[in-house]
1. Per the helix-only calculation at 222 nm, which mean residue ellipticity applies to the chain, given -39500 (n - 2.57) for every DSSP H run of n ≥ 4 and division by its residues, nearest 500 deg cm²/dmol?
2. With θ set to phi - 60°, apply the Karplus curve 6.51 cos²θ - 1.76 cosθ + 1.60 along the range 126-141 and write out the HN-Hα couplings as whole Hz, x wherever there is a Gly or Pro.
3. Percent of accessible area on the range 100-213 owned by carbon and sulfur, 1.4 Å probe?
4. Considering amide H positions built from the backbone, and no H for Pro or chain starts, which residues 5 or more places from residue 144, or on another chain, come under 5 Å of its amide H?
5. State the percentage of accessible surface on the range 8-52 attributable to carbon and sulfur atoms; use a 1.4 Å probe and exclude ligands, DNA and RNA.
6. Based on the Cβ-Cβ distance from residue 95 to residue 24, what FRET efficiency comes out when R0 is 25 Å, to the nearest 0.05?
7. For the range 140-262, what is the relative contact order in percent, using Cα pairs closer than 8 Å and at least 6 residues apart in sequence?
8. One-quarter of the Cα convex hull surface for the range 131-262, in nm²?
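The values are calculated or read from the model by the stated rules, or taken from the named source; none is laboratory data. Treat the numbers as computed from the prediction; the structure is a model and nothing was measured. Neighbour counts run over all protein chains shown; Cβ positions are idealised from the backbone, glycine included. Remember, those area values only see protein heavy atoms, side chains included, never the ligands or the DNA or RNA. Shrake-Rupley method; radii C 1.70, N 1.55, O 1.52, S 1.80 Å.
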Amino acid sequence: TYDTVGVLKDAVDHGCCVVLANKKPLTCAYEDFKKLTSHFRQIRFESTVGAGLPVIASVTRIIASGDPVSRIVGSLSGTLGYVMSELEDGNFFSEVVKTAKALGYTEPDPRDDLSGMDVARKALILARLLGQQISMENINVESLYPSELGPEVMSTTDFLESGLAKLDETIEEKVKAASLRGNVLRYVCVIGNTGCQVGLQEVPKDSALGRLRGSDNVVEIYSRCYESSPLVIQGAGAGNDTTAAGVLADIIDLQDLFQARP
Ligand SMILES: NC(=O)C1=CN([C@@H]2O[C@H](COP(=O)(O)OP(=O)(O)OC[C@H]3O[C@@H](n4cnc5c(N)ncnc54)[C@H](OP(=O)(O)O)[C@@H]3O)[C@@H](O)[C@H]2O)C=CC1
Ligand SMILES: N[C@@H](CC=O)C(=O)O
């Protein structure tokens with residue numbers, strides 16, 4: 001939900017510490033993002049991008065050292081990573097999306113993942129950390145389903161029970177066409193100095209993105225120090241355990257900022 005922005009701002013204003021896994025409060029107005037994240041000693045949100053992976057910690061450390069980050073490229077959705085690698089194995093789109101939900105990878109409504117909006121939110125958080133004063137409207141997002149299957153038209157249950165299967169054929173054709181060219185499909189996020197895009201791409205099977213399996217994310221960070229050879233972070237990018245571990249690590253990190261009372 002976006003509804004917690006007000007209470008979160010009040011909390012940090014009152015000196016409380018906050019740990020977030022929910023991306024939405026950081027992806028509404030830029031002023032809210034700025035206000036929340038300016039309380040560096042009170043807020044952590046590592047799990048909003050890549051669940052338990054240290055993506056935000058790495059980006060903030062590189063920036064803090066004065067090394068300008070020029071580009072971040074990656075596969076930032078555990079759900080879409082899992083779905084794409086299962087499609088390669090010949091499974092039906094509708095089935096693998098339901099399995100991704102059962103495994104705890106998807107958002108409560110999987111259309112948040114399939115629309116690309118969940119990845120776009122992660123891209124926005126990273127772009128804002130890089131200093132870009134942008135909003136969701138500035139990100140080009142490719143959806144994997146048409147508006148006729150959207151939340152305004154049908155419930156999550158109806159989408160899962162009848163809507164999803166309508167996408168099987170089109171997706172299968174895309175997977176087969178890519179395979180004939182020696183490629184696989186990946187949902188890729190690119191954050192550069194001139195803009196952000198998230199969408200489906202054909203990538204060589206034998207590339208860092210093409211080799212991804214399951215719910216793994218991969219993130220390549222390019223900066224002056226990491227110019228020709230980027231800093232690469234890879235591992236499980238969704239799931240209850242890894243997300244909870246990320247949240248717990250953030251809580252411990254904040255606790256360590258305070259002196260223990262004698
Ligand atoms: N799953 C993952 O891999 C990751 C998740 N996240 C983020 O973590 C958050 C939770 O995701 P996830 O655990 O997967 O989702 P789930 O659907 O498994 O859990 C959401 C929980 O929130 C509760 N809830 C929903 N609305 C309200 C409300 N208004 N008041 C109180 N409780 C509420 C739900 O209760 P009820 O069951 O009663 O509806 C449910 O227990 C999301 O913001 C997600 O983006 C971030 C990184 C990775
Ligand atoms: N639904 C998300 C969970 C983490 O943010 C994903 O699939 O990556």
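1. On the way: 9 runs with 95 residues, N = 262.
That calculation yields -11000 deg cm²/dmol at 222 nm.
2. 5, 4, 5, 5, 6, x, 7, 8, 10, 10, 4, 5, 8, 9, 7, 10
3. Using a 1.4 Å probe with all protein chains present, the range 100-213 comes out at 50 percent carbon and sulfur.
4. 115, 116
5. On the way: 980 of 1850 Å².
The computed percentage sits at 53.
6. It comes to 0.30.
7. Numbers: 100 pairs, mean separation 19.0, N = 123.
It comes to 15 percent, rounded to a whole number.
8. 13.4
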